[in-house]
Structure formats: C-alpha cells, structure tokens
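Contents: one structure, followed by commentary.
The values are calculated or read from the model by the stated rules, or taken from the named source; none is laboratory data. Keep in mind it's a predicted model, so treat the numbers as computed, not measured. Glycine also receives a Cβ, built like all others from the backbone with ideal geometry; neighbour counts cover every protein chain displayed. SASA here: full protein model, heavy atoms, side chains in, ligands and nucleic acids out. Shrake-Rupley method; radii C 1.70, N 1.55, O 1.52, S 1.80 Å.
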Amino acid sequence: MPKTKDPALRQIAVSVATLWKEPGLSRSKDRPSLQNPADLRAWLAPMNTADKLWLVGKLETEVLLGTQVKLLEVRNDWAKAAVAEQGKPGSPDGYTGWSPRSQLSDSLTDYSACPVAMVIKPTAMLYELARDQDPAMEISFGTRLPVVLEEGPRWAVAVPQGIRWVDQTDVLREAGDRAAMQQESAVTGPQLVETARQFVGLPYLWAGTSGFGFDCSGFTYSLYRFYGIAIPRDAKDQEVAGTKVKPEELQPGDLLFYAHNKGKGQVHHVAMYIGEGRMIHSPQTGRTVEIIPVSTPEYSAEFAGARRFIPLKPKA
C-alpha cells in the first residue's frame, strides 16, 4: 500500500488516544492511557469520582484507533495533533490536543481502496492471528478499520501495527465510499436511539468519545458519526448547527440543549430525545449514561432549545 504524500499526516496507533490540553499534565495513575498499547480499562477501573473530576479542563478529547490526524508540533516525547473529523468552529484543522508521540504512527498508509469495518458494539477485541484466543487489543465502538481479507468468522483488518483480526459479528462492513452510511436520508431517529441504548450504564468520562466512556457531547457526536453524519464535537457548537426544532415537534434522534442562567446563558449540556417524553444522555462525572424524563426539573429548568440533524421520514 502506498504512503500518503503529506508528511504531516499520521494515524492513531492505540485503541483510544486521550488528547491533553498541554503536555506533561498527566499523573502517574494516568500511565495506562499514555502507553502504546494503551489500556483504557486499567486506567479507568481504579479511579473514583475525585480522580475523574481532576481530569476536567485538562483533557481535550479522545481519538480512536486508525483515525487520521495532522501532526502540528513535537515537544520532547509529546506530539500536538489535529483531528479534522472532530469539527470545531474557528479551527480549520479540527480539534487539537497533545498525546504521547508513541501513540501516533510514523506515517499514513493509504487503504482508501479497501472496504471498511466499523465496530458496532461498545467495545470489540482485535487478535494477532485468525485463530488466537487471547486478544491483542480492545477497541471502541465506532472504530473504522480497512478490511484486507473477508474469510471465515474473523476478518483481517489493517492497523498501524500491521494486520489484526476481528470477529465478524463485532463489526459492520461498509462500502468503500461509505455510501450506505453517508446517505442521511437512510438514517432514522429510531436507529440512533437504538444504537444509543446499548450504552445505558456506561460511566461518564470528561472528554470521552469512546465505548470506554463518553462526555455529554462526545456521546451525541459519536452516535451521529457512527451513521456517517458529521456534527461538531462540542455541545455549544452542536447547538448552533442543524435545524431548530420546537419542543412540541420533537422526534427521536433530535438533540436537546441546556444552558446556564435558566437556559439563556452558555450551553453546557446536550442529550438526545428518544420519544415519549424521555431523553438519553451522559450526564456528568460520577454518573452513567441514563434515560430520564425530559421534564426532570434539574434539566427542564435549563432547557435552551433543540436541533435536528436528519430529515424526517415521510409518513406512510
């Protein structure tokens, strides 16, 4: 496979890379997330609520294995990267942040001619060999990897480390041009809701965009990204995108926004409407993804509006 011509382009070379606001902010207990391979479970499992609250304002976002990024700067063992697919108004290169340099590939290999397998479960396992029983890496929902061989119950996929194998039942095969998933008219609100429901009970993680933990906007961003629909990464930017929706016209899949000063200040939270007066969201550190009534007082008092990112289906 040929290398791409832009020498600044790289790929994420770990299951999930956590991007920091500045290099060197991490604690010793963050080491499992900073290595290659990264171990998100070993990082998150020992943390209590105070440990996770410490991350607020220090982490920027997360990026999944194989995602293309642009290398902007190197400072000792740290690299500043831009994530184009995570949209951020005013930042043409997308979201930026710092990760250990070892978590980025040395170059970017072009697999654009290959079909793509996307992880459809909260997490899935990669194996070094087709018949291995011990997994080599646990990867996240929404991870997209080029498929180089489709035979038997496991498919061979390309990662920066080489060829690995994934159970066919853990992924969805996309067309090479992602045509089936990028047709917004092919996506329905109930589909978004069904996909979201599998994460009920998943602990909140500031800056999270993976099946190991989401923040509020990382959750909605990742759900729409799964269906090939690009929306901004952050709640305040999602709130000014899409089409404005009146509360009485809400449909499953619409996003609900909440702001300080009784809904008139800065947007600080986003949820997804699922129908019948309920919403699903990843609320805050110390809590988990949950389904609650839209009328829940702590949220209804700060309601700031709703937005739709897919067209309504015509009634039969």
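Of the helices (runs of 4 or more DSSP H) contained entirely in the range 1-75, those carrying at least 1 residues that are among the aromatic types (Phe, Trp, Tyr) and either over 23 Å from Asp106 (Cβ atoms) or modelled with pLDDT of 95 or more (or both) fall at 40-44. Within the range 109-118, if we keep just the residues that are closer than 17 Å to Glu150 by Cβ and surrounded by 13 or more Cβ atoms within 10 Å (Cβ to Cβ), the residue that is modelled with the lowest pLDDT turns out to be Tyr111.
Lys121 meets the conditions (1) closer than 18 Å to Ser140 by Cα; (2) basic (Lys, Arg); (3) modelled with pLDDT under 95 in every case but one. The failed one is (3).
Results for (1) at positive phi; (2) β-branched (Val, Ile, Thr); (3) touching a helix residue (DSSP H, G or I) at 6+ places or on another chain (Cβ under 6 Å), shown as yes or no for each residue.
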site	(1), (2), (3)
Val74	no, yes, no
Pro100	no, no, yes
Leu104	no, no, no
Thr109	no, yes, no
Ser112	no, no, no
Arg131	no, no, no
Val147	no, yes, no
Gly162	yes, no, no
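For the range 239-257, a tally of residues being under 29 Å from Gly57 (Cα atoms) and in contact with a helix residue (DSSP H, G or I) (Cβ under 6 Å, 6 or more places away or on another chain) returns 2. Remark: pairs (first residue in the range 113-139, among the polar types (S, T, N, Q); second residue in a loop (DSSP other than H, G, I, E, B); Cβ separation under 6 Å; 6+ apart in sequence or on different chains) = Thr123/Gly211.
Looking for whichever is modelled with pLDDT of 95 or more, open to solvent by less than 60 Å² (accessible area, probe 1.4 Å) and not charged (D, E, K, R) here; the options are Gly162, Gly208, Gly152, Gly176. Which one fits?
Details: Gly162 fails: modelled with pLDDT of 95 or more; Gly152 fails: modelled with pLDDT of 95 or more; Gly176 fails: modelled with pLDDT of 95 or more.
After applying the criteria, what remains is Gly208.
Would you say Ile291 is in contact (Cβ under 8 Å) with a residue 60 or more places away in the chain and open to solvent by 50 Å² or more (accessible area, probe 1.4 Å)? Yes; evaluated as a whole, the condition is true for this residue.
Taking the numbered list (1) open to solvent by less than 40 Å² (accessible area, probe 1.4 Å); (2) outside any strand (DSSP E or B); (3) not polar (S, T, N, Q) in turn, Asp106 passes all entries but (1). When the residues of the range 119-147 are narrowed to those that are among the β-branched types (Val, Ile, Thr) and outside any strand (DSSP E or B), which ends up least open to solvent (accessible area, probe 1.4 Å)? Among those residues, the one meeting the criterion is Thr143. With respect to (1) over 23 Å from Gly286 (Cβ atoms); (2) crowded, with 21+ Cβ neighbours inside 10 Å, the lone exception for Leu59 is condition (1).
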